[in-house]
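The values are calculated or read from the model by the stated rules, or taken from the named source; none is laboratory data. Please read these numbers as outputs of a predicted model, since none were measured by experiment. Cβ placement follows ideal geometry from the backbone for every residue including glycine, while neighbour counts extend to all protein chains displayed. The protein model used for the area step is the full one, side chains on, heavy atoms only, and it has no ligands, DNA or RNA in it. Shrake-Rupley method; radii C 1.70, N 1.55, O 1.52, S 1.80 Å.
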Amino acid sequence: MNKRPTIVIGMVAGLIWAFAVIGGAMRLNMPFVPAPVALLGAFFPGGLVTCAMIGRLAQRRFFDDESIDGQGFAPGSAASIDQKVLTNTIEQMVLALAIWPFVALTLGGQVIIAMGLAFAVARVLFWVGYHMSPPLRGFGFAATFYTTCIAAFWSLVVWAF
């Protein structure tokens, strides 16, 4: 079975999501939110989702005699998928930590808060999609990654011009 069409559909939907999150937040007529305050609010939802992922892995490890001592999870197992999701989420969080402060300063606090909420939702959808069928993780990945990348590019344009 060719999985690429499913992945492409998810990636395109994630791209649309990214533009909707950023563009929608910029169109909102919200009061000014200072970047340091906005960043705290933006990273919190993703942090909560990451806590849930770490907790789920710890629970799986505690109740699995094969991995209780820190061994790797069985390939293809639900725990292995959770580990992959957590790893990708940490990668996305590091990318966000590197880019979102500049976005907050150039596009505004409301944008970064919307991105933080969207990040948490997209990560949960990535997690659920991966468990349902690995190609379904495409939307959650793209919705997270593209939002950060598009915001970075948009911020550079606003800053430069």
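At an R0 of 30 angstrom, the distance between the Cβ atoms of MET26 and PHE62 translates into a FRET efficiency of 0.10. Ranked by the mean number of other Cβ atoms within 10 Å of their residues, highest first, the peptides 20-27, 122-129 come out as 122-129, 20-27.
With the charge dipole of region 1-133 set up from +1 on Lys and Arg Cβ and -1 on Asp and Glu Cβ about the Cα centre, the Cα lying farthest toward the positive end among the listed residues MET93, THR106, GLY23 is that of GLY23. Solvent-accessible surface of the chain, taken per residue with a 1.4 Å probe and all protein chains present: 55 Å².
In a simple Cβ point-charge model (Lys, Arg +1; Asp, Glu -1; nothing else charged), the chain has a dipole of about 420 debye relative to its Cα centre.
The distance from the alpha carbon centre of region 53-69 to that of region 127-159 is 28 Å, rounded to a whole number.
Shape of region 5-96 from its Cα gyration tensor (a ≥ b ≥ c, root eigenvalues): rounded if a/c is under 1.5, otherwise prolate when a/b > b/c, or oblate? Here region 5-96 falls in the oblate category. Expressed as a whole percent, the accessible area of the chain that falls on carbon and sulfur atoms is 73 (1.4 Å probe). Based on the Cβ-Cβ distance of LYS3 and ILE90, what FRET efficiency does E = 1/(1 + (r/R0)^6) give at R0 = 30 Å, to the nearest 0.05? Between LYS3 and ILE90 the formula returns 0.75. In whole percents, the pair-distance distribution calculated for region 74-161 from its alpha-carbon pairs, binned every 10 Å from zero, is 18, 45, 24, 11, 2, 0.
Please work out the C-alpha center-to-center distance from region 79-126 to region 15-43 and express it in whole Å. Taking the Cα centre of region 15-43 as reference, the centre of region 79-126 is 13 Å away.
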